[in-house]
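**Student:** Shown below is the structure under consideration.
Bear in mind that the values in this text are calculations on the coordinates, not laboratory data. As the structure is a computational prediction, the values presented were derived from the model and not from experiment. When we count neighbours, we look across all protein chains shown, and the Cβ atoms used for this are built from the backbone with ideal geometry, even at glycine.
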Amino acid sequence: MARPRAQSRADVAADLTVCRAFVRERSPKLGWGALALPPRVRDPWLVVLSFALALEDMVSAGQIAGATAADLRDRVRAAASGAPKASPIDRAYARVAQAHALPEAIPESMLEGLTWVAEGRRYGTYEGLIDYCVRVRGSVAIALLLIMGRRKREVVERAVDLGVAAALVTIARDVTTDARAGRLYLPVEWLEEERVDADDLLASGPSSGSLEPVVRRVLEAADSFLSRSDPGLAALPFDCRPAIRGLRYSLAALSHEIQADVGGALRENVDLPTTRVVRLLSRALRASRAESRPLLSQPLREAQRLVDEVCRA
């Protein structure tokens, strides 16, 4: 990886300020959640988050048509190689990637997943959906783990599990929002089992009765991945565990909240009350018994290539 061009302290601080502000504006909860991390991890993590969110925004805004797709690839590869475009977020990512030895496989994986979104890809099978989740969220989870200084293969695999769980919970929560935007992530084979036509779903919007079993299956898969991720918490630096444990508990609580609501109209913006989040964060100060389970689990086939490349770097 090429070394980014040297910048003054003031330039570096200014780029970091842009990244912090962007995350706070784009995803306030992620910004607040990062405060639970120690500063040595928090700042580079906010940089990675801002880079990932900026790329997602390009796709969400419909800017990945024609020649712009090549621009996205160029942007990702330039930042990953240490020769970023003239953007504070890209410059900051290039510095973090160099400082923490983030392999190019991480942004390349993110890029592949986002390209699938831009293409309007549908996932015929559950395994295809997991492929997508590994790319858009598993890769980001690995970046956070590497910033923490952990590279053991089994720990990397558990980080991917947590990232996949986060992606699945988000997909279940945003079924209605995504359908209105013409996006569908639910496995087509599961829809067909419930006699739901994917084209009709996008044309007419979700019907809670027909989609309820499919959304529940997605959430059951998310809960399984959360359970798989638990032993990895004990392998993290001690001062990072409460923040990641809090994320894990919040995902589980949000999953349960969606499941409780999915029998009615698939309403948008399902969220956790602030009081409940505070209780979960308090609980996250203590380790759970699940964290003492063996670290090694059956490797996730869909993540094998990414994990291989990260662990070789």
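**Student:** Mind running the shape call on segment 1-100? Use the C-alpha gyration tensor, a ≥ b ≥ c as the square roots of the eigenvalues: rounded below 1.5 for a/c, prolate if a/b tops b/c, oblate otherwise.
**Tutor:** Working: a/c = 2.09, a/b = 1.18, b/c = 1.78.
It is oblate, given that a/c is not under 1.5 and a/b is not larger than b/c.
**Student:** To the nearest 0.05, how large is the calculated FRET efficiency for Glu193 and Lys152 if R₀ is 41 Å and r is the Cβ-Cβ distance?
**Tutor:** 0.60
**Student:** Quick check: Cα centre of segment 187-201 to Cα centre of segment 102-120, how many Å?
**Tutor:** Using only Cα atoms, the two centres lie 26 Å from each other.
**Student:** At 0.36 nm per residue, and after removing the present C-alpha to C-alpha distance, how many nm does the segment from Ser210 to Ala101 gain when stretched out fully?
**Tutor:** Once the chain is fully extended between Ser210 and Ala101, it gains 34.6 nm.
**Student:** Counting only helical runs of four or more DSSP H residues, what would the 222 nm mean residue ellipticity of the chain come to if each run contributes -39,500 (n - 2.57) and the total is spread over all its residues?
**Tutor:** Working: 16 runs with 212 residues, N = 313.
So the calculated ellipticity at 222 nm is -21500 deg cm²/dmol.
**Student:** State whether segment 68-187 is rounded, prolate or oblate according to the following rule on the C-alpha gyration tensor (a ≥ b ≥ c being the square roots of its eigenvalues): a/c under 1.5 gives rounded; otherwise a/b larger than b/c gives prolate, and the remaining case gives oblate.
**Tutor:** It is oblate, given that a/c is not under 1.5 and a/b is not larger than b/c.
**Student:** Give me the net charge for the shell around Arg286: Cβ to Cβ below 14 angstrom, other residues only, Lys and Arg +1, Asp and Glu -1.
**Tutor:** +4
**Student:** For Asp271, project a label point 7 Å along Cα to C-beta. Then give me every residue of segment 31-56 with its amide nitrogen under 15 Å of that point.
**Tutor:** 31-33
**Student:** Sticking with this one: What length, rounded to one decimal in nm, is gained on full extension from Ala290 through to Ser224, with 0.36 nm per residue of separation minus their alpha-carbon distance?
**Tutor:** 22.5 nm
**Student:** Suppose we flag trypsin sites (Lys or Arg not before Pro) only when DSSP calls them loop and at most 16 other Cβ atoms lie within 10 Å. Which is the longest uninterrupted stretch of the chain?
**Tutor:** With trypsin sites (Lys or Arg not before Pro) excluded where exposed in loops, the chain gives 6-84 as its longest stretch.
**Student:** Express in nm, to one decimal, how much length is gained between Asp200 and Arg121 on full extension, taking 0.36 nm for each residue of separation and deducting their alpha carbon distance.
**Tutor:** Going from the current span to full extension adds 26.8 nm.
**Student:** How many nm separate the modelled label positions at Asp239 and Ala181, each set 7 Å beyond the Cα in the direction of the Cβ?
**Tutor:** 3.6 nm
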